[in-house]
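Have a look at the structure below, then the notes.
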Amino acid sequence: MKSKCKYIFVTGGVLSGVGKGITAASIGAIIKAKGYHVTMQKCDPYLNVDAGLLNPVEHGECYVTHDGVETDLDLGHYERFLDFETSKYSITLSGSIYKELIERERAGGFHGKTVQLVPHFTNLVMEKIEKASENSDVHIVEIGGTVGDYEGLPFIEAIRLFANKVGRRNCLYVSVVYVPFINTSKELKTKPAQNALKDLRGFGIIPDIVCVRTEKPCQKSICEKIAAFSGISGDAVLNLPDIDSVYDVPFNVLKSGVLEIVNDFIGDESEPDMTEWKKFSEKRAKKHAKKVNVGLIAKYVGNEDTYMCVTESLKAAAAWNDTGVNIEWIDAEGLANMSEKDRKKTLDALDGIVVPGGFGARGTDGKILAATYALENDKPYLGLCLGMQVACIAAARIGGVKNANSEEFGASAEDKNNVIYIMPDQKGKESTGGTMRLGDYTAKLVKGSKVEGIYKEYGWGEKTKDGYEVVERHRHRYEVNQEFLSAIEKGGVKVSGLSPDGKLVEFVEVPENKFFVATQAHPEFKSRPLNPHPLFMEFIKTIK
Ligand code: GLN
């Protein structure tokens with residue numbers, strides 16, 4: 001059977017959280033480096049319809065695709081590793097499949113037939129996979145969780161059936177298993193991996209590659225044992241030991257022997273061009289005597305995943321700026337509760353401040369104080385979404401609106417001081433979930449602004465007949481009330497980018513400060529390790 005696209009299905013055994021997604025994305029990065037158009041998709045068994053309402057502490061950051069879907073951070077990894085734009089087709093959650101099936105059933109779409117997991121659920125998953133792979137040379141599908149989880153089984157059945165549809169030789173099944181080291185007996189135990197592969201076999205899938213994840217490199221005999229007990233060729237069971245940085249996983253994958261099998265699969269022996277990855281890896285690994293100290297003023301501290309794209313953007317920008325970076329997690333609420341002296345001491349110790357996105361009132365006092373400090377002390381400041389809103393509130397307060405606030409932070413809608421508000425045409429819709437600005441929006445940058453200069457310098461954005469325009473991803477509900485612009489300007493902050501119709505403030509800056517830039521968008525979603533975002537690059541360049 002001929003298929004335009006080749007499919008790689010990645011499942012996990014034994015444990016989740018052992019780097020299945022990164023392994024999958026690394027295989028993708030290598031194939032991309034051979035010159036192919038590679039795309040990725042996550043099939044996640046949980047019953048949520050999208051990731052927008054998931055708690056970021058439990059689930060990590062919410063990532064937004066260019067077409068406005070709220071997804072989880074796996075898609076961020078895919079974009080960073082493959083430098084392509086994921087879309088609504090790149091994420092398939094059980095909840096959304098059930099929802100679609102039930103809606104179809106209610107509308108009489110099944111003409112009275114019994115609706116079942118097989119074939120209806122599985123068929124719809126296959127449709128989603130085909131849709132997501134349109135125009136790709138190689139499409140990689142990661143199945144969330146581990147094989148054997150109740151809710152994941154229909155997905156396993158769907159990817160097994162998929163081989164019937166496009167031909168087995170157009171499908172490559174990869175299983176990522178974990179082999180634990182038992183400290184008391186000082187040995188690696190393969191039994192859980194054997195059982196996981198037995199489960200997978202029970203569902204009709206014999207993998208073409210087994211990636212054996214271990215803490216340290218393991219002896220060949222471990223892989224051979226797994227191969228022998230699982231009916232898989234010894235050459236196809238490969239060791240992937242832990243490594244310091246996820247960005248070195250592609251090199252680990254190359255070393256492991258996966259490439260030979262993948263080459264066979266796609267029928268191309270050419271060497272991948274890993275030059276840029278190598279350059280990045282070297283820069284990233286370099287030990288610098290000096291590290292820049294960036295304070296991340298956060299509502300959630302202690303879980304790195306909550307601001308994954310922000311920290312990844314900072315680290316990549318630091319690497320390409322040939323400097324180290326230390327990210328200081330500062331609890332926004334704690335900052336507000338400190339004595340003025342302690343707060344000053346905390347903020348004085350930083351080279352720069354980042355206020356990331358966030359929702360709700362908690363912690364916003366501390367964020368406003370941090371923005372005020374940055375404004376008054378010329379401390380480099382990068383404001384991301386909520387980070388721009390608090391910067392405008394801080395400036396308006398300095399500019400004379402003493403009680404400047406956001407409608408989101410508990411001020412009533414009638415409050416005369418709402419610098420940040422729900423626009424009149426959005427009123428009343430704010431709890432319906434459908435009123436957020438999500439995904440790509442264009443901004444027109446103010447001619448001669450610092451922001452314009454930065455985007456131009458890095459070659460991001462486009463010159464149009466109306467001026468210089470950039471496209472960034474969004475996820476927010478509230479806007480700057482332009483009636484307060486004069487107060488905000490009086491406080492030192494100037495608008496440097498607006499929506500093309502001029503109605504929405506997209507960027508602000510303080511022209512006189514070393515670096516004070518804030519945006520209503522989330523530039524961190526478009527930053528890549530091999531192509532870091534200009535605003536992060538310039539922020540780090542300023543403070544290094
Ligand atoms: N909570 C703010 C809003 O909804 C900012 C959102 C964000 O930072 N992503 O507008």
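Here are a few things to note about the model shown:
- Identity of the residue in the range 476-497, in contact (Cβ under 8 Å) with a residue 60 or more places away in the chain and within 16 Å of the ligand (Cβ to nearest atom), that ends up surrounded by the most Cβ atoms within 10 Å (Cβ to Cβ): Val480
- Spans of helices (runs of 4 or more DSSP H) in the range 1-88 with at least 3 residues more than 15 Å from the chain's Cα centre (by Cα) and closer than 25 Å to Glu304 by Cα: 20-32
- Just so you know, in the range 461-475 the residues that are in a strand (DSSP E or B) and crowded, with 20+ Cβ neighbours inside 10 Å include one that is farthest from the ligand (Cβ to nearest atom), and it is Tyr468.
- Subset of the range 519-529 (residues that are farther than 15 Å from Thr311 by Cα and either of a type in the set (A, V, I, L, M) or not in a strand (DSSP E or B) (or both)): Gln520, Ala521
- If only residues of the range 357-374 that are in a helix (DSSP H, G or I) and touching a Phe, Trp or Tyr at 6+ places or on another chain (Cβ under 7 Å) are counted, the one that is farthest from Gly60 (Cα to Cα) is Ala374.
- The range 352-401 - residue that is of a type in the set (A, V, I, L, M, F, W, C), more than 21 Å from Arg477 (Cα to Cα) and surrounded by 22 or more Cβ atoms within 10 Å (Cβ to Cβ) and, of those, farthest from the ligand (Cβ to nearest atom): Ala374
- Ile102 satisfies every condition listed in (1) buried (at least 16 other Cβ atoms within 10 Å of the Cβ); (2) free of Cβ contacts under 8 Å to residues at least 60 places away in the same chain; (3) closer than 20 Å to Tyr46 by Cβ except (1).
- Of all residues in the range 435-449 being among the small types (Gly, Ala, Ser) and assigned to a strand (DSSP E or B), the one that is nearest to the ligand (Cβ to nearest atom): Gly439
- Residue check for Phe507: more than 16 Å from the ligand (Cβ to nearest atom), in contact (Cβ under 8 Å) with a residue 12 or more places away in the chain, under 13 Å from Ser449 (Cα atoms) and open to solvent by less than 10 Å² (accessible area, probe 1.4 Å): no
- From the list Ala404, Ala349, the lone residue that is aliphatic (A, V, I, L, M) and surrounded by fewer than 21 Cβ atoms within 10 Å (Cβ to Cβ) is Ala349.
- Residue match in the range 308-326 (condition: open to solvent by 40 Å² or more (accessible area, probe 1.4 Å) and either among the hydroxyl-bearing types (Ser, Thr, Tyr) or closer than 17 Å to Ile368 by Cβ (or both)): no
- Filter result (within 17 Å of Arg80 (Cα to Cα) and open to solvent by 20 Å² or more (accessible area, probe 1.4 Å)) within the range 250-268: Phe251
The values are calculated or read from the model by the stated rules, or taken from the named source; none is laboratory data. Everything quoted here is computed from the prediction, not taken from an experiment. Neighbour counts run over all protein chains shown; Cβ positions are idealised from the backbone, glycine included. Heads up: the accessible areas ignore ligands, DNA and RNA and are worked out on the full protein's heavy atoms, side chains in. Shrake-Rupley method; radii C 1.70, N 1.55, O 1.52, S 1.80 Å.
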